[in-house]
Structures are given as C-alpha cells and as structure tokens.
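Novice: Encoded as structure tokens, here's the structure I'll be asking about.
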Amino acid sequence: MCDLGALPPEDRNCLWIHFTGRVRYGDPRDWADAKRSMAAKFRAAMAEHLAEPAWKCLLRRLQEASPEFREQWARHEVVPPAAANRPRTFHHPRLGALRLTFNNLWTGPHPGTRLLTFTPLDAETHERLGRLGRLRTPEPAGP
C-alpha cells in the first residue's frame, strides 16, 4: 500500500489514505466504487462502536479532511464489512496491473479493526510482486 511507518500513527488507516489522497498506492480501476464501499462498510461497522472515542475521532477527521468522504457519508449507505470482498486490480506505475484477492483478519470478536492480507490472484502478479520486493531492497555495498 505504502510505507505505513512513514505516516503518523493516526493516519495508518485505509479510509484515511484513500479519502485524503495523502498517499497514493496505485490506481484501482474501480476507485469510486472502492471508496463508496469503504464508506458504507465503515458506517456498518460504526454502529457497534458509537461510544468509542477513536472511532468518533476518525469519523470527525475524515469529514473535516475530505469533501468526498462527507458526500459518501451523507448517502447513509451500509454494507456489512464482510460483504463485497472481491478480487482487486491495482495499477503500479512501474509494474503494471497487480491482481489480488484479500482476506480479513479481525482483531476482535466483532467486525471493526482488521488486518487485510493481499494474495496474488495469478502467477503473473506473483512474479511482479517479487520484482517489487527487489525494487525496494538496496543493493549491497561494494568492497
């Protein structure tokens, strides 16, 4: 996605990254659908976390920082967090299309905070991701 370690801890959130445009991690062809789905999933998950300050803070920050998020939030759409998990295609500027599936690892008994793991959908994407790892690895220092 991006170098999350370079972001302040409060910005290490997919919603924040998507809607503020502070970090771009490729360009999914269905960008608008992805954002709409993310906002609707967040609304569904928010129902179980209404009293939690961290959730209220994220909602407030998103509404203040992103007119697009405000527009999506005002639609009042709800999608259960486990719904709409379908393969995604991300377009890396140097590697091209990366076709990925993803799984959710929920960190508690109810949907909310989760870890997403992306897995290559095909051999070509697997090979491209290997090249991505080599792009980020510095060359060993010479003698």
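Novice: Tell me, please, whether a residue that is closer than 22 Å to Phe118 by Cα, at pLDDT 85 or above, open to solvent by less than 40 Å² (accessible area, probe 1.4 Å) and small (Gly, Ala, Ser) can be found in region 12-31.
Specialist: Within region 12-31, not a single residue is closer than 22 Å to Phe118 by Cα, at pLDDT 85 or above, open to solvent by less than 40 Å² (accessible area, probe 1.4 Å) and small (Gly, Ala, Ser).
Novice: Same structure again: For a quick check of your reading of the model, give me the residue pairs whose first member lies in region 32-48 and is under 22 Å from Thr89 (Cβ atoms) and without any contact (Cβ under 8 Å) to a residue 40 or more places away in the chain, whose second is among the basic types (Lys, Arg) and outside any helix (DSSP H, G or I), with beta-carbon atoms closer than 8 Å and at least 6 apart or on different chains.
Specialist: Listed pairs, sorted by first residue: Ala39/Arg75; Ala40/Arg75.
Novice: If we scan region 72-92, do we find a residue that is aliphatic (A, V, I, L, M), surrounded by 10 or more Cβ atoms within 10 Å (Cβ to Cβ) and modelled with pLDDT of 90 or more?
Specialist: Yes, region 72-92 contains a residue that is aliphatic (A, V, I, L, M), surrounded by 10 or more Cβ atoms within 10 Å (Cβ to Cβ) and modelled with pLDDT of 90 or more.
Novice: Any idea which residue in region 2-11 is modelled with the lowest pLDDT, counting only those that are over 11 Å from the mean Cα position of the chain (by Cα) and of a type outside the set (A, V, I, L, M)?
Specialist: Taking region 2-11 and keeping what is over 11 Å from the mean Cα position of the chain (by Cα), we get 3-11.
If we keep only those that are of a type outside the set (A, V, I, L, M) too, we end up with 3, 5, 8-11.
On the way: Asp3: 74, Gly5: 81, Pro8: 89, Pro9: 88, Glu10: 88, Asp11: 87.
Checked region 2-11; the qualifying residue modelled with the lowest pLDDT is Asp3.
Novice: Specify the residue that is modelled with the highest pLDDT; the eligible residues are those in region 93-143 that are open to solvent by 50 Å² or more (accessible area, probe 1.4 Å) and hydroxyl-bearing (Ser, Thr, Tyr).
Specialist: My answer is Thr119.
Novice: Conditions: (1) over 13 Å from the mean Cα position of the chain (by Cα); (2) modelled with pLDDT of 90 or more. Ala39 meets all but one. Number of the miss?
Specialist: Going through (1) over 13 Å from the mean Cα position of the chain (by Cα); (2) modelled with pLDDT of 90 or more one by one, Ala39 breaks only (1).
Novice: Sticking with this one: Let me spell it out: the conditions are (1) modelled with pLDDT under 90; (2) in a helix (DSSP H, G or I); (3) over 29 Å from Gly130 (Cα atoms), and Leu59 meets all of them except one. Which number is the exception?
Specialist: (1)
The values are calculated or read from the model by the stated rules, or taken from the named source; none is laboratory data. For clarity, every value in this text was computed on a predicted model and none was experimentally measured. Cβ sites come from the backbone with ideal geometry, for glycine too, and all protein chains shown count toward neighbours. The protein model used for the area step is the full one, side chains on, heavy atoms only, and it has no ligands, DNA or RNA in it. Shrake-Rupley method; radii C 1.70, N 1.55, O 1.52, S 1.80 Å.
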